[in-house]
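> Take this structure, written in structure tokens, and hold onto it; I'll ask about it next.
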Amino acid sequence: METCRRRWSPPRDRIARGVRAHRQAIATGAGLSPLQADVLRTLAEGPPPEALAGRLATELGVSQPTMSDSLAALEAKGHVRRESLAADRRRTTIALTASGARLAAELCAADETLRARVAELPEQAQERALALLLDLIGGLLDNGILGVARTCPSCRFYEADGDAARCSLLQVSLAPSQLRVNCPEHQPAASAAG
């Protein structure tokens with residue numbers, strides 16, 4: 001049996017490890033687990049997903065009890081607060097507190113170095129990189145490794161004809177640089193819905 005050591009390690013693994021280590025150093029300094037840091041970042045990004053425990057669990061690929069434990073820890077640390085919905089008092093939304101928002105901003109800033117390096121690339125290289133990443137996300141979604149992907153190519157409103165793309169919901173043509181990775185209007189295409 002061939003070991004991982006003998007296989008080629010793609011550059012994306014190195015990038016992912018570096019970004020993860022940088023984020024984790026910030027999270028550890030703040031006394032957070034990796035999941036707690038991801039919850040704060042996800043809440044700071046805003047919907048989707050809707051800020052409900054079940055939706056956050058699905059988004060981050062964990063069980064509802066695991067998410068509940070993380071939210072309880074974040075609430076005890078003063079980084080989030082839960083609020084009952086007026087329409088259904090049994091359901092609660094989760095919101096960042098001021099300290100949670102500051103910490104989330106620090107966690108999100110951890111990606112700035114990577115964003116800056118990508119911004120230095122020629123526009124055509126940026127578009128190729130985005131296309132490759134969207135293809136990778138689509139493959140991970142198709143294989144069940146990712147449970148959620150709100151990308152243009154996985155949306156029922158996305159129309160592609162060769163190099164031309166269009167959003168039928170917004171009724172606009174999409175240049176390669178306009179393809180979204182986290183679209184709030186996303187609705188899974190039949191093939192992506194499972």
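> In this structure, does Ala37 turn out to be in contact (Cβ under 8 Å) with a residue 24 or more places away in the chain, in contact with a helix residue (DSSP H, G or I) (Cβ under 7 Å, 6 or more places away or on another chain), small (Gly, Ala, Ser) and open to solvent by less than 20 Å² (accessible area, probe 1.4 Å)?
Yes: the conditions hold for Ala37.
> Assuming Pro48 fulfils every condition listed in (1) loosely packed, with under 15 Cβ neighbours inside 10 Å; (2) within 29 Å of Arg180 (Cβ to Cβ); (3) not hydrophobic (A, V, I, L, M, F, W, C) apart from one, which condition is it?
Condition not satisfied by Pro48: (1).
> Between residues in the stretch 55-67 that are outside any helix (DSSP H, G or I) and residues that are among the small types (Gly, Ala, Ser), which pairs lie under 8 Å by C-beta distance while being six or more apart or on different chains?
Gly61/Gly147; Val62/Ser70; Ser63/Ala57
> Under the condition of being over 20 Å from the mean Cα position of the chain (by Cα) and open to solvent by 90 Å² or more (accessible area, probe 1.4 Å), which residue from the stretch 153-165 is farthest from Leu136 (Cα to Cα)?
Here the residue is Asp161.
> Still on this model: Does Ala57 fit the bill of being modelled with pLDDT of 90 or more and touching a Pro at 6+ places or on another chain (Cβ under 9 Å)? Full working, then the answer.
Values: modelled with pLDDT of 90 or more: yes; touching a Pro at 6+ places or on another chain (Cβ under 9 Å): yes.
So Ala57 fits the description; yes.
> Given the condition of a type outside the set (Gly, Ala, Ser), touching an Asp or Glu at 6+ places or on another chain (Cβ under 9 Å) and open to solvent by 40 Å² or more (accessible area, probe 1.4 Å), answer yes or no: does some residue in the stretch 12-23 qualify?
So in the stretch 12-23, the residues of a type outside the set (Gly, Ala, Ser) come out as 12-15, 17, 19-20, 22-23.
Checking which are touching an Asp or Glu at 6+ places or on another chain (Cβ under 9 Å) leaves us with 19, 22-23.
From what's left, open to solvent by 40 Å² or more (accessible area, probe 1.4 Å): 22-23.
Yes, the stretch 12-23 contains at least one residue that is of a type outside the set (Gly, Ala, Ser), touching an Asp or Glu at 6+ places or on another chain (Cβ under 9 Å) and open to solvent by 40 Å² or more (accessible area, probe 1.4 Å).
> Right, here's the next one. Considering each of Ala101, Ala86, Ala105 in turn, give the residue that is at pLDDT below 90 and either out of contact with any Cys (no Cβ under 6 Å at 6 or more places or on another chain) or open to solvent by 70 Å² or more (accessible area, probe 1.4 Å) (or both).
None of the others qualify; the one that does is Ala86.
> If I filter the stretch 166-188 down to residues being open to solvent by less than 70 Å² (accessible area, probe 1.4 Å) and touching a Phe, Trp or Tyr at 6+ places or on another chain (Cβ under 7 Å), which single residue comes out as nearest to Gly61 (Cα to Cα)?
Cys167
> Which condition number does Ala25 fail, the rest of (1) closer than 24 Å to Arg90 by Cβ; (2) over 14 Å from the mean Cα position of the chain (by Cα) being met?
(1)
The values are calculated or read from the model by the stated rules, or taken from the named source; none is laboratory data. What you are looking at is a predicted structure, and each value in this text was computed from that prediction instead of being measured. Don't worry about glycine lacking a Cβ; one is built from the backbone with ideal geometry, like all the others, and counts go over all protein chains shown. Each accessible area value is taken on the protein alone, full model and side chains, heavy atoms only, with ligands, DNA and RNA left out. Shrake-Rupley method; radii C 1.70, N 1.55, O 1.52, S 1.80 Å.
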